Structure formats: structure tokens, C-alpha cells
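I have placed the structure first, in the form of C-alpha cells, so that the comments after it can refer back to it.
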Amino acid sequence: MSELEEAREITCPHCWERITVFVDLSAGGQSYYEDCSVCCRPIAIAFETADGELASLSVEAAE
Ligand SMILES: [Zn+2]
């Protein structure tokens, strides 16, 4: 795990469980899909960075 990887708690937009995702801040902002670890449904995650720190994180339901 790189030191620029940061654990974040999000709420799954499908099942509303709190889950932890890891965001890699080394490459700047990204958007990607990750399956919820509870309900296994896809979540669209998008984040932006500023000065190597997480600036914003958005989570949407993806089907
Ligand atoms: Zn879920």
C-alpha cells in the first residue's frame, strides 16, 4: 500500500452500509468503479486532489 493511499469511509448508495474504500492520491483526481463490499453492487467513485490531499470525494450508484 502506497503512503499516498488513503482510507475513507463512505456510505454505499445501494445498501446504505458504511464501507471503507482506498483512494490513491498519487495520480491526482480519478474516477472509477468499485463494488460494495457488503452488497456487491457497483459504486461510481470520483475524487479530486489538491496539494496531494483529498479535496473532494463523491459517490454515486452505478448499475
Ligand atoms: Zn452496498
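Under 8 Å for C-alpha pairs, at least 6 residues apart: give me the relative contact order for the stretch 5-61, rounded to a whole percent.
After rounding, I find 30 percent.
So what's the Cα pair-distance distribution over the chain, bin width 5 Å, in %?
Values per bin, smallest distances first: 4, 19, 31, 23, 14, 8, 1.
Counting Lys +1, Arg +1, Asp -1, Glu -1, what net charge surrounds Leu54 among other residues with beta carbon under 9 Å of its beta carbon?
Within the 9 Å Cβ shell, the charges total -2.
Report the local net charge at Pro13: Lys and Arg +1, Asp and Glu -1, summed over other residues whose C-beta lies under 11 Å from its C-beta.
Computed value for this residue: -2.
Placing +1 on the Cβ of each Lys and Arg and -1 on the Cβ of each Asp and Glu in the chain, which of Tyr32, Phe47, Thr11 has its Cα farthest towards the positive end of the resulting dipole?
Value: Thr11.
Just so you know, all these numbers are worked out from the coordinates, no wet-lab data involved. Keep in mind the model is a prediction, meaning the values are calculated, not measured. Neighbour counts are summed over all protein chains in view; Cβ atoms, including those assigned to glycine, are modelled from backbone coordinates with ideal geometry.
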